[in-house]
Amino acid sequence: MDRPLLSLRSALIFLLALLTGGAASGLTAVAGEGAARSLLAGLAATGLAVPFFNHLIATEDSAVQPSSTVDASTVEEKSNG
C-alpha cells in the first residue's frame, strides 16, 4: 500500500475542524458552563466546521482560473505603443 490513508486536503480539513471544536469547547468551559455542555458545544462546532472548511478549501478542479480572453495581438499593440 503506497498511498496515504487520507489526502493532505482531507487531513487539513479535519485538523482545522478539530481545532475549532477544541476552541469552542474550551471557551464554553471558561464561560462557566459544565463539562457536558462544553463537550456538546465542541462537538457541534466540529460538525459544522467540516463542511465549512471543505467549502473554503477548494479542490484544484474547482479553483477559479483566470480567463485568457485577451488575444495576443491586443497584448502586442499595447506593448509596442
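General observations
- Within the stretch 1-15, the set of residues being assigned to a helix (DSSP H, G or I) and open to solvent by 50 Å² or more (accessible area, probe 1.4 Å) comprises LEU8, ARG9, LEU12, PHE14, LEU15.
- Count of residues meeting criterion [open to solvent by 40 Å² or more (accessible area, probe 1.4 Å) and over 17 Å from the mean Cα position of the chain (by Cα)] in the stretch 18-33: 6
- Residue check, LEU56 exposed (fewer than 14 other Cβ atoms within 10 Å of the Cβ), of a type outside the set (Asp, Glu) and at negative phi: yes
- Candidates LEU39, LEU18, filtered to the one that is closer than 16 Å to LEU56 by Cα, in contact with a helix residue (DSSP H, G or I) (Cβ under 7 Å, 6 or more places away or on another chain), of a type outside the set (D, E, K, R) and without any contact (Cβ under 8 Å) to a residue 60 or more places away in the chain: LEU18
The values are calculated or read from the model by the stated rules, or taken from the named source; none is laboratory data. Remember, it's a predicted structure, so these values are computed and weren't measured experimentally. Positions of Cβ are backbone-derived with ideal geometry, glycine not excepted, and every protein chain shown enters the neighbour counts. Surface accessibility is based on the protein's heavy atoms, side chains included, excluding ligands, DNA and RNA. Shrake-Rupley method; radii C 1.70, N 1.55, O 1.52, S 1.80 Å.
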